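The values are calculated or read from the model by the stated rules, or taken from the named source; none is laboratory data. No experiment lies behind these values; they were computed from the predicted model shown. Cβ atoms come from the backbone with ideal geometry, glycine included; neighbour counts cover every protein chain shown. In case anyone asks, the SASA skips ligands and DNA or RNA and just uses the protein heavy atoms, side chains included. Shrake-Rupley method; radii C 1.70, N 1.55, O 1.52, S 1.80 Å.
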Amino acid sequence: MSTLETSSIGRQQALGSPLDRADGRLKIQGLATYAVEKSLDNLAYAVVVQSTIAYGRITAMHTERARQSPGVLAVYNHESGLTIHSAKTFGEGGAAAQAFLPLQDDKVLWNGQHIALVVAETLEQATEAAALIETEYEQQPPVVHPTHPNAKPETVDALTIDWGDAIPALAQAEVQVGGIYTTPREYNSPIEPHGCIAHWQNGSLTLWEPSQWPGGARQVVSEWMAIDHEKVRVISPFVGGGFGCKGGIQPHSALACVASRELNRPIKLALTRPQTFTAFGGRPRTHQQLALGANRDGLLQAIVHDSWNETALNDVHKEPCNSVTALMYASPNFLSHHKLIHLNTVNPSWMRAPGENPSAFALEVAMDELAWALKMDPLALRLKNYAEQDPQANIPWSSRQLREAYQQGADAFGWSKRPLEPRSLREGRQLIGWGMASGTYPVRRTPGEAQIVLSADGSIEVQSSGVDIGTGTYTILAQTAADVLLVAPESITVSLGDTLLPRAPVAGGSQLANLLTGAVHKTAQALRDRLITLATATEKSPLWQQPPSALSLADGYLWLSNSPGLRISFAELLKLSGREKLVAHQDTFDKTASEEDRNKADRTSTMMLPPTDGGVSAHSWSAIFVEVAVDEDFGTVRVKRMVGAFDSGRVYNPKLAESQWIGGMVMGIGQALLEQGQIDDRDGWIANANLADYLIAVNADIPELTTIDVGKPDYLATVLGGKAVGELGIVGVAAAISNAVWHATGKRIRDLPITQDKLL
Ligand code: MCN
Ligand code: MOS
């Protein structure tokens, strides 16, 4: 309908404009209600008790004093007979973050495992009673550290990557560099700790749960409780950050659900901040042995890479450390194995760019080492080995604006003025260093649905069960619908995060923006077409019997393109046609998709397409440039400035995408300089399980950060041309900082975080 398109000429396109966050005002005013803020009558409070040993079994638990404590309604442990059924985990294509089911037996597999639940009339009473429980254990020697003699690395065959003949090629290479690169246990640390309210009524369960994936959470709850999927509703309109740890639902929520069933009351269960370090994992410790071989002129000949990550004793979390090493540069020979080490630890979990993050750390530091070994500029070395196509899959990129990212990032930073030698820049007692790194994140795609409701008063509501975890989903979906319906985005309401709304996949893997904008765009087009049909078919409408192609839309009206006087408002049209509302429902599924496929996309991860689907390899790309100052006497590192140039394809909202990229860069500074879980090797106790001792970057750590958008619409990657944004910003940041620290000091730090002790 070309006339409709012309009507938008001269109007600013909503998608692509730097609109403020639609939910911003609600959040500032405290009107955005988070899961545990839901107020319900007769609410009871649950507190979790956790194990204090890492391995063994419970021989006795003394709960009498707790039971007699004021206000206590119940104390549950493994002897209470609360049944929680197993649910499919991520590793099995499901949506549970862990296989662990609390209170089902006397076994203890890590320090900080849930072993009891106290429910009382108030939080204070439950907390008080929980402190009165005494537990006796029979202990077994735990295996806590990955280097423990009883820790046995197991190769994950599916993660072996092999092409060419890497071992001899490495041996014959004129120049070889490499070493061991490690990252510690890191924790997601969102502002909103995990906490939920479960309400069981007449065999149905409503769960207010901070979730990156309500559809997945609903599925897991129905499996845990062995009830029909239709009987579960998960509500998650606002999430105070997750960074991966709210991607799958965690076991404490099962406790809230069973307790609510037992007591027939709504139960609020909020983990304390320390419990968020033990109840679920962050990024596992990773260890990578990486070697690069190259010709004298800098052409890579071989990459040989062996890595592992820690995981739980009876559970699997994979942190594929070769996802970037096998993708970034054109090496003719490549060999990589990844292993898992099962330990007495809570199962680790997703944390911003799982896999890509540590992988880029090792590769991009090693590339810096290679550049120095060759006396080459690090950026020139990367350009020399630029992969013109996906070196692993041997197929073209859908788009790769990485050269542009290097170029524009370098120009903005002033990279050409960088002296090659380390320790050649200083300001008084501060050693100055410049470093850079590349980053990437794949474009993942899962189909989904959307619905738009036009009501009798003319109001428009976009609906999806997908969530906004602080990313901007509310805003970009209003922008998407506004573009098609030609109304102001501010006039559109967006409802998210409720399983009563249309099915949607996880806000994880940086996929949701592309998926939901695609579904909403199609739905808005369907609504527009229905409005036009209605206007031309409704007898009392001034547009009755006009040819549909002659109609235009603008600002809540339909009108005749060549005679704008002839018009009718959406609201008036609904009234004349005797309708309460007009509803459009569309999706991005293949035409052949069955109802089962649609459910799978909503409830499992099995419908996610790999980045190589469709014969092209789709990824976002970045180049990060950093200046650091290292105090010569104290070894303190300050990031002085950072430039990130990003190719995320078409950006739907530049203000929000920038905020995402900056968020990633900030988290990358924390990872590079501050973050590390201190786990006691003897008993698995986490010594810094709080935000006073587990340091994350704060305002004072963050200098001027510049972002540059070098993307162009990539319609081979996604319907509306966007690529991944949310996780891209962190990838490569720690490597760029480590490289800058080397340039300042001559010290190569391959072991994160880069703390003072490593520099003195
Ligand atoms: N966007 C855009 N143009 C695109 C793609 C995205 O403008 N082409 C913008 C939009 O504002 C969109 C946002 O970037 O809402 C993120 O989009 P996307 O990359 O699709 O990521 P998701 O919506 O799937 O969000 C999840 C992603 C992940 S996996 C982690 S981890 C992470 C991240 O988002 N966790 C976050 N960013 C976070 N930001 C906040 N505030 N809190 C978290 O927990
Ligand atoms: Mo992001 S770690 O994929 O939730």
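Karplus couplings for the range 321-331 from phi (6.51 cos²θ - 1.76 cosθ + 1.60, θ = phi - 60°), rounded to Hz, Gly and Pro as x?
6, 9, 5, 8, 4, 8, 10, 6, 10, 7, 9
Using a cut-off of 19 Å between alpha-carbon atoms, which lysines can reach residue 522, once sequence neighbours fewer than 8 places away in the same chain are excluded?
Excluding near neighbours in sequence, the set is 581, 591, 723.
Charges only on Cβ, +1 for Lys and Arg, -1 for Asp and Glu: so what's the dipole of the range 14-157 about the Cα centre, in debye to the nearest 20?
The dipole of the range 14-157 has a size of about 360 debye.
So what are the ³J(HN,Hα) numbers for the range 734-742, from phi and the Karplus equation (6.51, -1.76, 1.60; θ = phi - 60°), rounded to whole Hz, Gly and Pro as x?
Using θ = phi - 60°, the values come out as 5, 5, 4, 5, 4, 5, 5, 5, 4 Hz.
Which value, in debye to the nearest 20, gives the size of the charge dipole of the range 666-760 about its Cα centre, when Lys and Arg are +1 and Asp and Glu are -1 at the Cβ?
400 debye
For a quick check of your reading of the filter: which trypsin sites (Lys or Arg not before Pro) in the range 567-611 sit in a DSSP loop and have no more than 15 other Cβ atoms within 10 Å?
Here the sparse-neighbourhood loop sites are 579, 591.
If amide H atoms are built 1.01 Å from N in the plane of the peptide, which residues on other chains or at least 5 residues away come under 5 Å of the amide H of residue 49?
Amide H neighbours of residue 49, under 5 Å, 5+ apart: 115, 116, 117, 118.
How many angstrom lie between the Cα centre of the range 280-296 and the Cα centre of the range 105-120?
First find each Cα centre; the distance between them is then 34 Å.
At q = 0.08, 0.09, 0.11 Å⁻¹, work out log10 I(q)/I(0) for the chain with the Debye formula, treating every Cα as an identical point scatterer and leaving solvent out; two decimals please.
One equal scatterer on each Cα of the chain leads to -0.69, -0.86, -1.20.
Packing-wise, with mean Cβ within 10 Å as the measure, how do 367-378, 386-397 rank, highest first?
367-378, 386-397
Between Rg and the Kirkwood Rh of the range 10-104, both from Cα atoms, what is the Rg to Rh ratio?
Taking Rh as the inverse mean 1/r over Cα pairs, Rg/Rh reads 1.18.
Which three numbers, in whole Å and largest first, are the semi-axes of the equivalent ellipsoid of the range 108-249 derived from its Cα gyration tensor as √(5λ)?
43, 25, 16
For the pair residue 140 and residue 230, what calculated FRET efficiency results from E = 1/(1 + (r/R0)^6), where r is the Cβ-Cβ distance and R0 = 60 Å, to the nearest 0.05?
Calculated value: 0.90.
Can you divide the C-alpha Rg of the range 216-297 by 2.2 N^0.38 Å and report the result to two decimal places?
The value comes to 1.68.
Relative contact order (percent) for the chain, with alpha-carbon contacts under 8 angstrom and 6 or more residues of separation?
Value for the chain: 17 percent.
Using the Karplus equation 6.51 cos²θ - 1.76 cosθ + 1.60 (θ = phi - 60°), what ³J(HN,Hα) coupling, rounded to whole Hz, does each residue of the range 701-709 give in order, writing x for Gly and Pro?
8, 9, x, 5, 10, 10, 10, 10, 8
When ranked by the protection proxy of mean other Cβ atoms within 10 Å per residue, highest first, what sequence do the peptides 477-486, 448-457 form?
Per-residue mean Cβ counts within 10 Å order the peptides as 477-486, 448-457.
Please report the Cα spread of the range 581-685 along all three principal axes, rounded to whole Å, starting with the longest.
Computed over the Cα atoms, the extents are 67, 44, 39 Å.
Please count, across the range 313-435, the pairs of lysine residues with Cα atoms under 23 Å apart that sit 8 or more places apart or on different chains.
Here the count comes out as 4.
With +1 assigned to the C-beta of every Lys and Arg and -1 to the C-beta of every Asp and Glu, and no other charges, what is the dipole magnitude of the range 259-388 about the Cα centre in debye, to the nearest 20?
The dipole of the range 259-388 has a size of about 580 debye.
Check residue 249: other-chain or 5+ apart residues with amide H under 5 Å from its amide H, H built from backbone geometry?
Under 5 Å from the amide H of residue 249 lie the amide H atoms of 97, each far enough along the sequence or on another chain.
Calculate what fraction, in whole %, of the accessible area of the chain sits on carbon and sulfur atoms when a 1.4 Å probe is rolled over the protein chains.
50 percent
Could you tell me the center-to-center distance, by alpha carbons, between the range 516-553 and the range 12-87 in angstrom?
The range 516-553 and the range 12-87 have Cα centres separated by 46 Å.
Rounded to the nearest 500, what is the 222 nm mean residue ellipticity of the chain from helices alone, with -39500 (n - 2.57) per DSSP H run of 4+ residues and division by all residues?
Per the formula, -7500 deg cm²/dmol.
Rounded to the nearest Å, what's the spacing between the alpha carbon centres of the range 129-169 and the range 215-273? Just the number, please.
Here the answer is 28 Å between Cα centres.
Given a 1.4 Å probe, how much area per residue of the chain is accessible, in Å²?
37 Å²
Using label points projected 7 Å from each Cα along Cα→Cβ, tell me how many nm separate residue 636 and residue 330, to one decimal.
So the label points at residue 636 and residue 330 sit 4.6 nm apart.
Using the Kirkwood radius over C-alpha pairs as Rh, can you work out the diffusion coefficient of the range 367-470 via Stokes-Einstein at 20 °C, viscosity 1.002 mPa s, in µm² per second?
Estimated via Stokes-Einstein, D reaches 115 µm²/s.
Using a Förster radius of 25 Å, what is the FRET efficiency between residue 314 and residue 180 based on their Cβ-Cβ separation? Nearest 0.05, please.
E(calc), rounded to 0.05, equals 0.35.
Amide H of residue 15: which non-local residues (sequence gap of 5 or more, or other chain) have their own amide H closer than 5 Å, using H built in the peptide plane?
483
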